[in-house]
Amino acid sequence: MKHRFKISILAILIPIIVLAFPQSIQAQQLTGAFIMSSVGGLNNMSNNSMAVTFSSSATCLNVQNGTAVLTGDRGTGNFAINCEVNTIFNSLGIKLYPNPVGASTKIKFINTPPLTDQFTISVWNSEGFKINSAKATGYEIFQGKGMDFSSLIAGSYIIQIESEKYTDALKFIKAN
């Protein structure tokens, strides 16, 4: 008798809890992106790992570290080949000169981009933090967009250029 009573209480409480606290359902519907980097390391070992970028849309989860890109179906916990991602990676090619960069550095696409598309140019430090960003058309970048990197401290950085359909990235150096 007590067992049936407990089951009937659970049968009533579970739907009430699910309706009262729909956060897990809402979390599956959220979109966004974040970058995670590693800090620290082992004694007498170098730590040259790159930041890992996680981005999410209504149907897909994308994980990339500058070397590999994994794409998966949202909410399943599995990475799968049937998740459609319309972004084209590293197809336009980036040329940055001079490298190491300075006050009068130019960034240029190697291959012809969609000339009227709007691109965002982002600079990231080695810890995965965005330093700054700018906007430019595909035409401006293809012709060679001038950028001033004189305010950066010496070190390694990543420049990422992206639009709705394209994402390219390149590692560069700022010397003293």
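The values are calculated or read from the model by the stated rules, or taken from the named source; none is laboratory data. Predicted, not measured: the structure shown is a model, and the values here were computed from it. As a convention, Cβ positions derive from the backbone with ideal geometry for all residues, glycine included, and neighbour counts pool all protein chains shown.
Things worth noting here:
- Checking GLU164 against (1) touching an Asp or Glu at 6+ places or on another chain (Cβ under 8 Å); (2) at pLDDT 90 or above; (3) of a type outside the set (Val, Ile, Thr), the condition it does not meet: (2)
- Applying the condition of being over 17 Å from LEU92 (Cβ atoms) and of a type in the set (S, T, N, Q) to segment 125-167 and asking which residue is surrounded by the most Cβ atoms within 10 Å (Cβ to Cβ) yields ASN125.
- Selection status of SER122, surrounded by 14 or more Cβ atoms within 10 Å (Cβ to Cβ) and either more than 21 Å from ILE88 (Cα to Cα) or touching a residue at least 40 places away in the same chain (Cβ under 8 Å) (or both): yes
- Considering only residues in segment 131-150 that are in contact (Cβ under 8 Å) with a residue 40 or more places away in the chain and touching a Ser or Thr at 6+ places or on another chain (Cβ under 6 Å), the one that is nearest to ASN99 (Cα to Cα) turns out to be PHE149.
- Of all residues assigned to segment 107-124, at least one qualifies as being among the aromatic types (Phe, Trp, Tyr), modelled with pLDDT of 90 or more and over 11 Å from ASP168 (Cα atoms).
- When we screen ILE153, ILE158, ILE107 for residues that are among the hydrophobic types (A, V, I, L, M, F, W, C), touching a strand residue (DSSP E or B) at 6+ places or on another chain (Cβ under 9 Å) and in contact (Cβ under 8 Å) with a residue 60 or more places away in the chain, the only hit is ILE158.
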